[in-house]
Each structure stands twice: as C-alpha cells, then as structure tokens.
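So the structure is just underneath, and the comments pick up after that.
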Amino acid sequence: MAILSCGVLLSLALLSLSIGINLCLPENGKEIDFSAHGENASPSTTKKDKGKRWAVLIAGSNGYYNYRHQADICHAYQILKKGGLKDENIIVFMYDDIAHDPENPRQGVIINKPKGHDVYKGVPKDYTGADVNSKNFYAVILGNKRNLTGGSGKVLKSGPNDHVFIYYADHGSAGLLGMPSGDDAVYAKDLIHVLKKKHASKGFKSMVFYVEACESGSIFEGLLPNKMNIYATTAANAEESSYGTYCPGEPEVPEEYDTCLGDLYSISWLEDCDSNDLRKETLEKQYERVRRRTNKSHVMQYGDMSHRKEFLFTYMGADLANDSYTSIGDISSPSRAVNQRDTNLLYFQHKFLRAPAGSHAKLEARKQLLHEIAHRKHVDYSIHKIGELLFGYQKSSNVLMNGRPQGQPVVDDWDCFKKFLRIYKNYCGHLSTYGMKYTRAIANICNAGVTLEKMVAASDQACSKKLHV
C-alpha cells in the first residue's frame, strides 16, 4: 500500500470533520420531608422519609482536549449545591487540570456552554490527579475508608433511608468506562458487584445513576438487576458512541476554544435542571426530554423502573431561592454534535487551523494532528490483523464487531476480557480514546473461545512492526 503524504493525511482529517407545592428544604443531614410530592409520587416518596441526599460525581478523563467531562461534572455540582446539598454529602472526582491549563482562554474558569457562567468556583477537590482511579471510586461507593489511597477521605456514608445520585462522565466502550490512567478502567462487572454489595449492606433506600460515555448502555445491559432500587440512564445504548457538543466551529462557540465545552446527553439533563422546578419534574419526564434532545444516540434506561415516578428533588434537591421557574419543556438541540471518538481529532485540527502560518505553534499542531492520524491507522490495522489471524479474512469482521442480543452482557468471561486487553496493550500499545471502540472486538474474541496462547501469538505477529505511537 502506498504511503500517504502528510498533505493528503491532513486533507483527509479536515474532510472527515467537514401548581404551588409547600415544601421546606432543610439543610442536608436533617430530616427531609418527601411527603409533599403530590398524587403522582411513587410509593417510596409519599410518606415521611428521614433520609439524606448523597452524590458522587466523577470525571474519568484528563487533558485539555477532554475539557467537557470536567465541565459537565462541575455543572452538576452547582445544581446539587443550589439544591441544598452540603459539601460533606457531595463527593467529587476530577483530575483538576483544566481550569488553569495554559490553553484555557479563561484562566481559573470552566464553562459548560458558550457564554456560560463559571461552574468551577467552589467545587470540592476530593479526589484529583492520580487519586481519580477505579479503586478509590469503588471504596467511596462502599464507604470503605481503609481502601482509599489519597484524596480527602470523604466516602458515601449513606444508610437505609438515604437517596444516592451518582454521575459519571468520560470516555467509554463496550464493557468499561475510562480513567485518567491508561492502565486503569471501571469494568461493568466490577461496578455492578460494588453496587450489589452496597445494596446488600442497606447502604441506600434508592439510587439514581447517570452515565455519559460511548457504549454506556453496556455498563448495565444484562448486568443490573431490576430489584435493587437502582435506576440508571445512559447517554447511548450498548453499541453506539455518545457525542460532544458546543464544539469548535459552532457559530456560538468562541473561536479561542479549541475543545468541546460539553457532552450532548449531559448538557441535556443539566440544562433541563437549570430551567425547571425539580420539585415538580419526575425522573421519567427528564428522561423523555433528554432522550428527545440527545438526537445522535439512543438514551437508555435500566434497573428499577418504579423509581421513574419520583421527583428529581428526591436526589438533587431544589433551588428554593428561585421562584421564577417557567417550565419551558424541551430545549432545542445544539447545532452540531461530534462523535466522542473524534473530539481529539477535532481539537488537533482546530489548533492547526488557528495557529499562525509558519509559527512554532503551527508546526507543533501539525505534529500532533499527524500523530493522532498515525495512531488511528495503527489501531485499525492491528485489531483487524489480529482478527484475520484468529478467524480468517472472510470471517474476521463479522466475529469482531458482532453485537450480542439485548439483555446479554458484552462478554461472558470477564477475566478473559481483562487479560486479552492487557495482552493487546503489551504487544500493540494503548488503545487510546479512539481505539476504545475495539473493546467489543476483544470481548468477542473471548466469547469465541480463543485461548490465551493464540491471542498472544496473534498480537505478537500483528504488532511485531508496530508504529511508535
């Protein structure tokens, strides 16, 4: 195959992107009266509820090009804070490398939409940097301080009367959610095991879990029981990408931002909360609004559907200082959304186009863009080559990218899945954000019964001349 010139590669990259309710909200930690929810409230909220609200917010990425994930999380914090939750009941995971990054045009400020207000101010820095990892995430959910490494030490000390909200924003793929360290990930099977332990220990009365990530439906599909008092929604089904928005090139986005400011599913529920009275809006109503606005992927729901009739107030509180709510219904979708797998490419492209001709910045941006393109080429080649070596040329594509029937988890043998991902990394390098789309291929190799020895041999042969990317 002829080697494409840098100019052709750049051209290809650019082309590819071408009623009044009498409620009194007390301070968190005191009794919360959920009895005034109205005639349509679910059974769990129509009686005196002596519970607290708790929240865990986690952005699982780092790097300025992933600005939107931490922006989403910071925005969620501001909603909960206005809702009356105390910082002692909100646990925040974020790498915290965005606000003061040299590339941030508004130093010390993070926004989640064009012309948006600062959502960074006041956000607790519970777990930052290397402390944002799966081990700490699990320990926090379980309330297990002994298993923590670093961080503030705050954990989810919720009890049998409490309501828990967890929100996760990051890159994802079939069977897993990313973490800042390339060697770490939240595997669906492990997360569900943690949630089952929390439920068995009577660690909550009910839980709502929102997930922003590609193929996020695979985290719960076939895994989350429907009798654990957990209701979850995801940005996408088990087989498709989620989308970034408020991205460079949109008319309303300031030119100085080279990165997307939010994610489509996330800004849909966050802006819905900003615009509506959470004492009067149910989880079901928000799900439907978010589903309609998130028009590039299929927003999904899993778990215990009986909780859909509960009001958002149960989990997020409500801004009682705002008496001017006008229920505006659906909010129009942004003019553009970008596949999360391509947001890095868009970031490097925008940096290249904005840099002055002949400048050092132009050369560096060009180098970064070519590196991203080369890495994608390497990952595409290596995965397909491994498939051909294992299954033959004609069968490879069907085996690797075959989706499983609804209701089945992405993989049967999770230990095999983890081992084969490590084998790929050892012989072929990191999958990266773009390459995460191939974790389904690795899962299907396990589902096909391939032995560890054959996987090692195929990976070694496919990547014996791997590019240094």
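The values are calculated or read from the model by the stated rules, or taken from the named source; none is laboratory data. If you're wondering where the values come from, they're calculated on a predicted model, not measured in any experiment. Please note: Cβ atoms are built from the backbone with ideal geometry, for glycine as well, and neighbour counts cover all protein chains shown. All accessible areas refer to the heavy atoms of the entire protein, side chains included, with ligands and DNA or RNA removed. Shrake-Rupley method; radii C 1.70, N 1.55, O 1.52, S 1.80 Å.
Below are the figures for this structure:
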read-out	value
Per-residue HN-Hα couplings for the stretch 92-107 [Karplus 6.51, -1.76, 1.60; θ = phi - 60°; Hz; x = Gly/Pro]	10, 10, 7, 4, 6, 10, 9, 4, 10, 5, x, 7, 6, x, 10, 4
Backbone HN-Hα couplings from phi across the stretch 203-218 [Karplus 6.51/-1.76/1.60, Hz, Gly and Pro as x]	x, 6, 8, 8, 9, 10, 10, 9, 10, 9, 5, 5, 6, 5, x, 5
In range of the label at D118: residues from the stretch 235-258 whose backbone nitrogen is under 13 Å from the point 7 Å along Cα→Cβ	none
If the convex hull is drawn through the Cα atoms of the stretch 219-336, its volume per residue in Å³	117
Considering only the stretch 174-271, percent of DSSP beta bridges that pair antiparallel, nearest 5	50
Fraction in percent of alpha-carbon pairs per bin - 5 Å, the stretch 371-411	5, 22, 19, 17, 18, 14, 5, 1
Where the Cα pairs of the stretch 176-286 fall when distances are cut into 5 Å bins, in %	2, 10, 15, 18, 19, 17, 11, 5, 3, 1, 0
Mean Cβ neighbour count within 10 Å, used as a protection proxy, ranking 53-64, 450-461, 392-403 highest first	53-64, 450-461, 392-403
Percentage relative contact order, the stretch 53-337, counting C-alpha pairs under 8 Å, at least six apart	20
Check: the chain dipole with +1 on Lys, Arg Cβ and -1 on Asp, Glu Cβ, in debye	900
Qualifying lysines (Cα of each under 23 Å from Cα of K418; at least 8 residues distant if same chain)	K135, K189, K196, K197, K385, K437, K454, K466
For I166, residues with placed amide H under 5 Å, excluding near neighbours	V56, V208, F209, Y210
Å² of accessible area per residue within the chain, as computed with a 1.4 Å probe and no ligands counted	42
Kirkwood-type radius of the stretch 58-149, with distances r between different C-alpha atoms, in Å	13.7
Rounded D (µm²/s) - the chain, Kirkwood Rh over Cα pairs, Stokes-Einstein at 25 °C, 0.890 mPa s	106
For the stretch 115-196, Kirkwood radius (reciprocal of mean inverse C-alpha pair distance, Å)	14.3
Residues with amide H under 5 Å from that of D263, placed H, sequence gap 5 or more	T245
Karplus (6.51, -1.76, 1.60) ³J(HN,Hα), θ = phi - 60°, over the stretch 51-56, in Hz, Gly and Pro reported as x	x, 10, 9, 10, 9, 10
Y393/H199 FRET efficiency (R0 35 Å; Cβ-Cβ; nearest 0.05)	0.15
Compactness relative to 2.2 N^0.38 Å, alpha carbon Rg of the stretch 355-464	1.27
